Each structure stands twice: as C-alpha cells, then as structure tokens.
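Notes follow the structure.
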Amino acid sequence: MRERLYLFDTTLRDGAQTNGVDFTLADKLAIMDMLDTLGIDYIEGGYPGANPTDTQLFAEPHVLKATFTAFGMTRRPGRSTSNDPGLAALLEAKAEAICFVAKSWDYQVKVALETTLDENLASIRDSVRAAKAKGREVLLDCEHFFDGYKANASYALACARTAYEEGARWVVLCDTNGGTLPHEVEEIVGEVVRAIPGDHVGIHAHNDTEQAVANSFAAVRAGVRQIQGTLNGLGERCGNANLVSIIPTLKLKPDFAEQFDIGVSDENLAKLAHISRELDERLNRAPNRHAPYVGESAFTTKAGIHASAIVKDPATYEHVEPESVGNRRKLLVSDQAGRSNVLAALERIGLTVNKNDPRIARLLDEVKEREAIGYAYEAAEASFELLARRMLGTVPKFFDVSYFDVKVEQRSHNGGGPEVLTTAVVKVKVGNDTLISAAEGNGPVNALDVALRKDLGKYQKFIDGLKLTDYRVRILNAGTEAVTRVLIESEDETGEHWTTIGVSPNIIDASFQALMDSIVYKLVRSGAPA
Ligand SMILES: [Zn+2]
C-alpha cells in the first residue's frame, strides 16, 4: 500500500513574482491546461482582487481535474470577516479551494502586521471558518514558518494548529526567505507532525541556498504529504522548489516511488521535457540546457571513455532513462572525443565503417585539429557529416566557386541620411559551364548568399527549397589573433533542419564556408548526381 503524496503548483501565483515574467490571462489559461494534463493535484491560479488579470481569472469557474485554488490573506487585524473587502473578494472567487497566507513568526506579527499574537491567531481562525462556511477546501500557508519556529516554536506551531483545528485541509510550512537547510527542515517538520498529522501538512520551499528541492524531500521524509512548487522553479529571487525536478525523482527513485503515489502517470511523465520547454517558449526564456532530467544536456555525453561505455550499455553513465521524462540521449563529437564518439556519430548519420578502419583515426585527428582552431562540431552536425563523408571519400564535387567579390558602400543623399548598399558577385563552375551571378542584399552575408544560390545550373532545382533560418556569430580568441565562428541554420521544403559552421579571421570568409557547407549538405541529402 503506497501513500498518496499531493502536488500543489504555484507557478501562476508565486511564479508570477519571477523577475521578467508577466502572465497574461491567455498565458495563465494555457499553463493551467499544461499543469492539468500533467496530473498536478492543486493549481493555484493567483490572487483575486490583487490585479485585473487574477480578478478576471477567478470571475468564472474552470473545469479542471485539479483543485483550482485562490490565494489571499487572512482577515486584517481589527476587522471582522464581514467587513474586509480583500477577504470578501477571496470568498467570492470561483475556486474550489482557498489558500490563506498568515504570519507565523512572532516578530513579523508584531513588527510587520503591528498587531498582537492573539489577534493574529483569531484572524487565522475566523478566516478558515468563513471559507469553510462557503464550502471551500482550505489551506493555510504559514509564512516564515521555519524562521518563526526557531524564534518561538510554540507560537509558530499555534498558528498551524489553529488552522488545522478549525478544519483546514492543509497547513503548509513555508520557508519564505529560503535560507533553511535540509537537516533543519527534517528536524522541525519531525516536531510539527507530532502535533498535526503529516497527511495534513505541506512544504513550500524557496531556493535561496539552491536546496528547495532537497528541502521538499527532507520534509516528505519527515512526514509531510503535500509539496508546493513551480514549473521550471519559477519564483522571485532564486525561485521556488522546481516541480520539474521533483516529479521525476518521486516517480523514478525507488525510495520515493515504492512509498508514494502521485497524480502524474508514467505516460504523462514522458511529457515533462516537452512541458518544461513549452513554458520557456511561452515566456520567451532560453531553456536551461543543464536542467536536471529535462535539459538539453541532461543526457549528453562528451568525454570519450564515457561515450564508449554508453554505447555498450546506457545504464553505465545514466541514472535514469532519458525517454522516461521525454528527453533524449546525445553523444557529442568534440575535442575530447574518442573513437567511440566518432563511431556513434557516424552510425547516427548512417555511415557504416569498420571500426578498425584507419580512416577513423584520421577523421578524429582532423576533428581535434579543427576544434583547436575554433570549429565546434557538436553544434554543427551537418558540417561534421560532410567532413566525415569527404574523408571517407563519398562527397561529389558538385561545383566550384572560382571567384567572389562583396562590396559595401555608404552613399550620402541630398536631404536624406546616408544609405548603405551591399552587392556581391559570384563566379561558379558547374561541369563545363561558368556561371556568374550578382545580387544585392541587406548586408554582405545576405548578398553573398543570394548571389551564390541564384544560379547553380543543373543543381538549382535541388536547392530551391533551401532557406537560412538562423545566423550566429561569435568572436573567439584562439591563440594570438581573434577568429570569427559562424553558425548557419538552414531548413528545406521537407522541414529538415541542419547547422553548418565556418571559422576564419574574416567574417565574410567564415560565413562563406558555412554557406557552402549548407548548400553541399542539401545536395548530398537530395541525392543530386555528381
Ligand atoms: Zn513563496
């Protein structure tokens, strides 16, 4: 018999405090849908009455599997529950549950709230009672619980007990300032659950010592049965406990999986990486490549000896299967690459080579030499494929660029500002034909690209669907002189994407190499005849 452990998401309330995050109503609805699909038990939508978006969100009921929850303060000191507009807005909110926040640190009650300890307890009692009378499930977030407990344990506990005894379903112990350490959490929670049953106690941890996830698990080990957190660890300052890390640990680590059930099925666990990236996309944030479980690098192996073991059996260097959370394994070709990395990369691109072929060692040396001067093949697999195919003797010589010229001019007009004009001329040999094309562009690389792809004779039809979708430039300091690394991302009519690379002290030359690789890669892929 496994015990039920409940997940409470506060992405839309505490996560909305993240610097640079500003949810619209449409964002909130889309994120609610993601959370509900995943199998979260409680979705805290926001703080009705605090801002127009949240007021609108709670104006209508939502059909969810999860318990939709409104957040707000207990009644203000010195007022009655019937004479507090903030509490009234909360009680009117179309939500099945209400999560109140109340102070539980005596110092905060006196200094910030400017009231007596007894009046704060009365406020908790009255608010829970009023929400229960409205038929709501009630939670109480005990703000600053751990700091409060260290200062005055009996008062912090009295706040929690008052809510529990009045019928609150959950009392939630908040590490509001995020400075509590896992061993302290475990010890304090252990004392709390002697007074309040653990299946009525939750943990709300902040990440200020990068231990919000560890603190959540420490609390569970000590007896709590609800974890509060956010997707991707959103939240103010250093964020909240990251549910995207917590969920797979609960599902995949036997110590937790054998003891607890959560609302997230195995099938939905496999959507986790996708959900994490979808949230970043919606917020226009770059995903954290190194995020545990779901990051782009979470199952990426670079070092040679690790890669050779992983090819034999993935369990040698992976703690869980990447597919279980919807991620994937990646082996990188890099300056640390060993033979097995190269062999795995060749296999992935469909080149079968005997593993004792001496050309493998030559290819590896070439990769290492090039990476020493600035190439980065792990980011440009198409260029790696061409290099490998050339060394294994299988890339036709489709065409030759015998000349190119790029010119940038600035001209002043009478009355107008200066105008910049860019033109490129390219001379290409295709078989016995010499083709000359000229083009204008919005910059030198664009002009060169347009001219190069204007007329490739008999190959033109193979590159008609080719588009450049991204162009990235970095200046590297390799040795004494700076070199430019250009990465070009391309796409074709079938939706296939590939990335090519060029490195040179000259940005135009680096761009030209990456452009050439992109075109040749497309010709190879399309099976263009030699
Ligand atoms: Zn918080």
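The values are calculated or read from the model by the stated rules, or taken from the named source; none is laboratory data. Only a predicted model underlies this, so the values are computations on that prediction, with no experimental measurement involved. Cβ sites come from the backbone with ideal geometry, for glycine too, and all protein chains shown count toward neighbours. The protein model used for the area step is the full one, side chains on, heavy atoms only, and it has no ligands, DNA or RNA in it. Shrake-Rupley method; radii C 1.70, N 1.55, O 1.52, S 1.80 Å.
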Extreme residue, nearest to Ser154 (Cα to Cα), among residues of segment 179-204 that are of a type in the set (Gly, Ala, Ser) and surrounded by fewer than 16 Cβ atoms within 10 Å (Cβ to Cβ): Ala195
Hits in segment 415-431 (condition: assigned to a loop (DSSP other than H, G, I, E, B) and either on the phi > 0 side of the Ramachandran plot or of a type in the set (Val, Ile, Thr) (or both)): Gly415, Gly431
Residue check, Asp280 open to solvent by 60 Å² or more (accessible area, probe 1.4 Å) and either more than 16 Å from the ligand (Cβ to nearest atom) or modelled with pLDDT under 95 (or both): no
Index of the failed condition, Ala286 passing every other in (1) assigned to a loop (DSSP other than H, G, I, E, B); (2) open to solvent by 70 Å² or more (accessible area, probe 1.4 Å); (3) at pLDDT 95 or above: (3)
Those residues of segment 377-414 which are assigned to a strand (DSSP E or B) and closer than 30 Å to Asp365 by Cα, in sequence order: Asp400, Val401, Ser402
Any chance Tyr155 is modelled with pLDDT of 95 or more and over 27 Å from Asp261 (Cα atoms): yes
Cross-chain or 6+ apart pairs with Cβ under 6 Å, segment 9-38 first and over 16 Å from Arg277 (Cα atoms), then assigned to a loop (DSSP other than H, G, I, E, B) and away from the ligand (no atom under 14 Å from the Cβ): Asp9/Ile40; Ala16/Phe23; Asp36/Leu64; Asp36/Lys65; Asp36/Ala66
Number of the condition not met by Tyr107 [criteria: (1) part of a helix (DSSP H, G or I); (2) of a type in the set (Phe, Trp, Tyr); (3) under 30 Å from Ile40 (Cα atoms)]: (3)
Check on Ala214, of a type in the set (A, V, I, L, M), more than 16 Å from the ligand (Cβ to nearest atom) and open to solvent by 40 Å² or more (accessible area, probe 1.4 Å): yes
Extreme residue, nearest to the ligand (Cβ to nearest atom), among residues of segment 257-273 that are open to solvent by 30 Å² or more (accessible area, probe 1.4 Å) and not in a loop (DSSP other than H, G, I, E, B): Asp261
Unique residue being touching a residue at least 12 places away in the same chain (Cβ under 8 Å), open to solvent by 10 Å² or more (accessible area, probe 1.4 Å), within 30 Å of Pro61 (Cα to Cα) and within 16 Å of the ligand (Cβ to nearest atom) when the list is Thr162, Thr176: Thr176
Segment 217-244 - residue that is more than 12 Å from the ligand (Cβ to nearest atom), not small (Gly, Ala, Ser) and not in a helix (DSSP H, G or I) and, of those, nearest to Met34 (Cα to Cα): Asn242
Candidate set: segment 22-47, residues that are among the β-branched types (Val, Ile, Thr) and open to solvent by 20 Å² or more (accessible area, probe 1.4 Å); chosen: the one farthest from the chain's Cα centre (by Cα): Thr24
Subset of segment 6-51 (residues that are within 15 Å of the ligand (Cβ to nearest atom) and assigned to a loop (DSSP other than H, G, I, E, B)): Thr10, Thr11, Leu12, Arg13, Asp14, Thr18, Asn19, Val21, Tyr47, Ala50
Matching residues, segment 430-453, being of a type in the set (A, V, I, L, M) and either out of contact with any strand residue (DSSP E or B) (no Cβ under 6 Å at 6 or more places or on another chain) or closer than 17 Å to Ala528 by Cβ (or both): Val430, Leu435, Val445, Leu452
Verdict on Glu191 being in contact (Cβ under 8 Å) with a residue 12 or more places away in the chain and not in a helix (DSSP H, G or I): no
Top-ranked residue in segment 104-137 [being of a type outside the set (D, E, K, R) and over 19 Å from Val171 (Cα atoms); ranked as most open to solvent (accessible area, probe 1.4 Å)]: Tyr107
Where Asn240 falls short, out of the listed (1) open to solvent by 60 Å² or more (accessible area, probe 1.4 Å); (2) touching an Asp or Glu at 6+ places or on another chain (Cβ under 9 Å); (3) within 20 Å of Asp27 (Cβ to Cβ): (1)
